[in-house]
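A short reminder: the numbers here are calculations on the coordinates, not readings from a lab. Please read these numbers as outputs of a predicted model, since none were measured by experiment. As a convention, Cβ positions derive from the backbone with ideal geometry for all residues, glycine included, and neighbour counts pool all protein chains shown.
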Amino acid sequence: MLYIIRHGKTDWNDRHKLQGRTDIPLNDEGRRMAEQAAEEYRDVHFDVCYCSPLIRARQTAEILLRGRDIPIITDDRLKEMCFGDCEGMEYGFGDIEGPMSVLFHHPEDYTESIGGAETLDELFARTGEFLDEVALPQVNEGKDVLIVGHGAMNSSIVSRIREFPRADFWKAGIPNCKLIKLI
């Protein structure tokens, strides 16, 4: 089986700030969310956990798997999408203005970097490489693999596995600390 989960909340999530690669830790609510997820998913079997090296994902994985003999392995290919100069900007999905609005409202048209941000093609390439080289071979061997990551990064994996068209990039929703079974 292949599972994916997004990190718990951070102060920047609460303020609708684009985090991207900015290394923001979980806040109290995010730690509580991870504790609740640990309880809710305690009976779900995982052989291995692959995790973004960003602290909010690592903290979530550590809380979620505390007391379980499951290795947590970080991989740079699981970092959140880089939002370049837009990191730290307050921006919600309801906003229709701003430099990243095309990514959030018309991802099929987001084809060129804005202010040093990563493109969807770049995101899909690195997460696809991770899936092909690491996760899917283990799933094919019968292992249960957990990925702990981020909103956009997780969306790229969900989109690939479920074969969503680029226009449906955000379709899965990717709520904080909710486990999604992909395969």
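Observations on the structure shown:
- DSSP bridge orientation in the chain - percent antiparallel, rounded to nearest 5: 25 percent
- Value of Rg/Rh across the stretch 2-181 [Cα atoms, Kirkwood radius]: 0.95
- For Thr74, the residues whose amide H sits under 5 Å from its own are Cys51, ignoring neighbours fewer than 5 places away on the same chain, with H placed 1.01 Å from N.
- Annotation: the stretch 1-101 has a Kirkwood hydrodynamic radius of 14.6 angstrom, from the mean reciprocal C-alpha pair distance.
- Considering all C-alpha pairs of the stretch 105-148, those separated by over 14 Å amount to 60%.
- In a simple Cβ point-charge model (Lys, Arg +1; Asp, Glu -1; nothing else charged), the chain has a dipole of about 540 debye relative to its Cα centre.
- Charge sum, other residues only, whose C-beta stays under 11 Å from Leu54's C-beta, Lys/Arg counted +1 and Asp/Glu -1: +1
- FRET efficiency, 1/(1 + (r/R0)^6) with R0 25 Å, evaluated for Arg162 and Glu122 via beta carbons: 0.75
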